[in-house]
Every structure is written in structure tokens, then in C-alpha cells.
Amino acid sequence: MTPTQVDVAVVGSVNIDLVASVARLPLPGETVSADDFAQFPGGKGSNQAVAAARLGRRVAFVGLIGDDAEAGEVRAALERGSVDVTHLQVEPGTPTGRALVVVDEAAENTIIVVGGANMRLTPAHVEAAGDVVRGARVVVAQLEVPVETVTAAARLSGGRFLLNPAPARQLPAELLDLVDVLVLNETEYEVVAGHPLPEDPAELGSRLASSGWQCLVVVTLGARGCLVWDGGEVASVPAPVVPVVDTTGAGDTFIGALADALSRDEPPLTAARWAVHAASRSVGALGATTAMPDRAAVLAAVRSAGDGGPTEPEGSLLSEEAPAEQR
Ligand code: RIB
């Protein structure tokens, strides 16, 4: 694979996830005992890259790790996930990013991210990867790296620029203007928009119409699916009911799958349905990438839900076989 040929370039974070399983999450000031502990590769950027690659896309990752013992582990995880790591650089004397994840028996979680090397990723690193960022059909970024680095990626992007503003923060106007696809959950919507997510989709539509945002907006709702706004009415995409062990990385699977579908020029609603089913298949095991589905699993989920097949255009993701050049 030559770097300029990728479908999806991800500019973002890579972490080691330190995951404690508990009966219930501690209250402020409370200590609880964990029933189990495990370590997994994670980071929103890395997870999203692996999700898109597992669905068959050619994916390149632009990021920064430290020179500690764990750095090799996260690099190897990306490589095992078939992600091109040519532009995964090492920052000497800096720890690789870490996330402290606590998951309870109801699959609720809390996550604290310790940025480490991720926060040293600069616009110069992105410019050094300019060939992949300019050449990718979709460029994906999050906010676990500095916002000026994300803005540099948006400026350089030659394809569609997808931003997942997580962890949530207010966005500079210049960055928002460069976004083609904004994917955010309810909490992130509230921070970025400056008001709570309206319950009524029609009200959300009129809020978005007057927001000045010039992009496709997808609001993820967890087990309730997502809302999609493409300049007209807000459409609601429901999620199937599935057994849940751990939702860590479900949002990242959604974004990887959405990038996968958009890189094939799928219409927004088709892409959102695909992403909902991919995310719903990712929550059955502990760890962000452990249960991420491949293309066959998502196709099976879409078909068994019966919410996309017959109306999809020929050659779509939902058809029996993708054209050879898309595999
Ligand atoms: O979105 C889940 C991810 O958030 C975890 O893998 C953790 O590393 C944090 O970045």
C-alpha cells in the first residue's frame, strides 16, 4: 500500500487502557475494590482506525507514542489491525498515553485520559504526513490531541474531514468551518452547541439550521441509535437491542464504520445505519477493540434487522459483495 492510496487517514490518539471491572462505580470520595483488571490497546484515534480497517478499508494513522515499554504494544496492536503506521512517530522521554477505565456490572463506565505523547502531536507532525492526509478520501480526528493539530489536519485534508469532538470542548470557529462531518454524543453536543440536545428532532433540526454549521451532523445516542442532519429534516436511526458487556470503544466503532461507508460515497443515512449496527456489534466483550466487528458481521446485523437492504442502491455497502476495488 502506498500511503497516498488510503481510504481513511486518522489523526489522533493512541493509549494503553488500564481497565478495572467493578460491581458499581465509586461515588466521589469512595474507594471500591475491583473484581478484575486488564490492559488493552485503546485511544479514540487508534480505536477508530482499527474499526475502519476491520471493515476492509485501507487506513493510515498519524500519531505519537512515547519511548516507554508500552509503546511497542500499542504500535503492534495497530499493525495487527492492518493499519499503516508509517506516520506513527516516537516522542523520546515521554510516556505513551494512558486511559484509566472503570466498568461496572451494568456496563456503565468512566474514563480518565492521561494524554502523554498524544499531547505532543504538533501541526508539523501532520504536515510531515501531508501525502496521506491530502490523499485520503476521509480524514478523521478527535480531541485527545491538541486542537491546533486537529485544525492543521482539517486544513490539509483533501477529502471529507470528520471530527469527533471528544473529549468535549468548545471549538474554534476556524475549525468548525473546516468540518464536513461532525459526530458527537449528547454531552459533546451540549458543550459544542452551547445548549442541551433538544428532545424533539424537529427542534434539533431548526437549531442546527440556524447554527451556521455547514456540515453533516450525526448525534450518537448509545443504545438509542443516532440522529442524522444533512441540512433538512433530522432523521432518527434506531439501534438493535443487544447484550452489553462493555461500551468502551462503541462510539469509536461507530465513527470507524461511518468513515468506512463515507469513503465509499454511501449516502449519509445508509452510512449512519451501517455505523449503528457496527457499534451495536462492538459491545459484547471487555476492551475497546476486542469485539469490533468485521464487514461480514455488520452485513449480517443489517440484514437481520431488515432496515436497509432493498432500498439501497446497487453496489452499496449493503449489497452482497463489494466491488473488488473496494475490498
Ligand atoms: O473512546 C474510548 C477510548 O477513550 C478508550 O480506548 C480510551 O483510551 C479513551 O481514549
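No value in this document is a laboratory result; all are computed from the given coordinates. Since the model is a prediction, treat every value here as computed from it, not as a measurement. Positions of Cβ are backbone-derived with ideal geometry, glycine not excepted, and every protein chain shown enters the neighbour counts.
A few remarks follow.
- Backbone N under 16 Å from the SER236 label point (7 Å along Cα→Cβ), restricted to the stretch 184-222: 186, 197-206, 219-222
- One decimal place: the segment GLU174-ARG24 gains 49.9 nm when fully extended, by the rule 0.36 nm per residue minus the C-alpha distance.
- In this simple spin-label model, placing a label point 7 Å from the Cα along the Cα-to-Cβ direction at both ALA285 and ALA34 gives a separation of 1.9 nm.
- Projected label points at ASP294 and VAL147, each 7 Å from Cα along the beta carbon direction, are separated by 4.1 nanometres.
- Built amide H within the under 5 Å cut-off of HIS87, gap 5+: PHE61
- For GLU70, the shell of other residues with beta-carbons less than 14 Å away shows a net charge of -3, using +1 for Lys and Arg and -1 for Asp and Glu.
- Label-to-label distance, ALA128 versus ASP67, with points set 7 angstrom from Cα along the beta-carbon direction: 1.3 nm.
- Stretch gain in nm, segment LEU221-LEU100, where the contour uses 0.36 nm per residue and the Cα spacing is subtracted: 41.2 nm
- Computing FRET efficiency as 1/(1 + (r/R0)^6) for GLU79 and ALA107, where r is the C-beta to C-beta distance and R0 is 45 Å, gives about 0.95.
- For the chain, built as a Gaussian network whose Cα springs stay under 10 Å, the top-fluctuating residue of SER263, SER304, SER210: SER210
- For the chain, the Cα gyration tensor yields ellipsoid semi-axes of 27, 24, 21 Å (square root of five times each eigenvalue, largest first, whole Å).
- Of all DSSP bridge pairs formed entirely within the chain, close to 40 percent run antiparallel.
- Peptides 91-104, 20-33 ranked from most to least packed, by the mean per-residue count of other Cβ atoms within 10 Å: 91-104, 20-33.
- Taking other residues whose beta carbon is less than 14 angstrom from the beta carbon of GLU190, and scoring Lys, Arg as +1 and Asp, Glu as -1, yields -1.
- Tensor-based shape of the stretch 182-229 (alpha-carbon gyration tensor, a/c under 1.5 rounded, otherwise prolate or oblate): rounded
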